[in-house]
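Contents: one structure, followed by commentary.
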Amino acid sequence: MTELRLMAVHAHPDDESSKGAATMARYVDEGVRVMVVTLTGGERGDILNKAMDIPEVHGRMPQIRRDEMAKAASILGVEHHWLGFVDSGLPEGDPLPPLPEGCFALEPLEVPTEALVQVIRDFKPHVMTTYDENGGYPHPDHIRCHQVSVAAYEAAADHRLYPTAGEPWNVQKLYYNHGFLRQRMQVLQDEFVRHGQEGPFAKWLEKWDPDDDLLGKRVTTRIECAKYFAQRDEALLAHATQIDPNSFFFTTPLEWQHRLWPTEEFELARSRVPVRLPETDLFAGIEGR
């Protein structure tokens, strides 16, 4: 079989382990080369695990985030590349404060686009995954990640653009991650109720507008990957500054997840090969699959 390659483009370290991680682990297990490209260093991420909220961590956040990412990549079996831009942070307040000077979200679009084009032309992925136009949630770096990924997907194939960034390469398919689906939360929440437990998703579901549900509208591709959920969770826990081991991520028993929702979901956003929807394989239609 021709070597297949998958590139997952993410805004910060830890995003790769909470969005499509089990899918990546499955493809690695099947012999696919998988590269995660992290656009920023995550330097401005809050410490969300109280056990890590100590002076030694505050003074070394950039290096700690790198160490966490290396551990997570090793657990998932993926290759990894830092694009090198500076985390923009998540602005809070009303009105929102300005973004910090020199951050990723304020970079002219062509600067990170050219950097990502160079990585694409070097690694030569057949498939890319990234975020939709809303960034999955409206973090400025996630939205910029979408913009850069789409621009780089198009530009990498065009010999007229960024001629010093390597030989042109046609990425065959581009997908958006769709991990936070109302139906999935409802199915799992109902299982907690059946077992006489409160469940972690009740408040989320109360605030969720059913008309905004993505499953029937945008998801095109469901990847069976329950076998790799434990590996996904281990990779997520490797990001110890960002992930509280007592958080909602880990409250649903794996057996329930295997039985009730054994897939991860994606939206096919661009394709240069003929497709037939819905899909169960990100490489469907690509020669060698």
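Readers should treat all values here as calculations from the given coordinates under stated rules, not as data from a laboratory. Keep in mind it's a predicted model, so treat the numbers as computed, not measured. FYI the Cβ positions are ideal-geometry reconstructions off the backbone, even for glycines, and counts take in every protein chain you see.
Things to note:
- For residue 221, the residues whose modelled amide H falls within less than 5 Å of its own, excluding neighbours fewer than 5 places apart on the same chain, are 266, 268, 279.
- Measure of compaction for segment 169-259 (Cα Rg per 2.2 N^0.38 Å): 1.25
- Think of the chain as a dipole: +1 on every Lys or Arg Cβ, -1 on every Asp or Glu Cβ, centred on the Cα centre; then among 204, 181, 284, 284 lies furthest on the positive end.
- The packing ranking, built from the mean of other Cβ atoms within 10 Å per residue, places the peptides 45-58, 4-17, 75-88 in the order 4-17, 75-88, 45-58, highest first.
- Rg to Rh, two decimals, where segment 93-171 supplies the alpha carbon set and Rh follows Kirkwood: 1.05
- Nonlocal amide H pairs with residue 90, under 5 Å, H built at 1.01 Å: none
- Set of aspartates and glutamates with alpha-carbon distance to residue 50 below 18 Å, sequence-local pairs under 8 removed: 14, 68, 244
- The alpha carbons of the chain stretch over 61, 48, 36 Å along the principal axes, in descending order.
- Each DSSP beta bridge with both residues in the chain is either parallel or antiparallel, and the antiparallel ones are about 30%.
- Calculated [θ] (222 nm, deg cm²/dmol) that DSSP helices of n ≥ 4 give over the chain, each run adding -39,500 (n - 2.57): -10000 deg cm²/dmol
- Virtual spin-label span in nm between residue 3 and residue 90, 7 Å along Cα→Cβ: 3.8
- Extension gain, residue 133 to residue 207: 0.36 nm times the residue separation minus the Cα-Cα distance gives 24.5 nm.
- Exceeding the 25 Å Cα-Cα cut-off - candidates 124/227; 19/207; 19/227: 124/227
- 13 Å beta-carbon shell around residue 103, net charge (K/R +1, D/E -1): -3
- Peptides 148-161, 229-242 ordered by packing proxy, namely the average of other Cβ atoms within 10 Å per residue, highest first: 229-242, 148-161.
- Volume of the Cα convex hull of segment 1-129, divided per residue and given in Å³: 125
- Overall dimensions of segment 131-286 as given by Cα atoms, namely Rg and Dmax in Å: 18.3, 62
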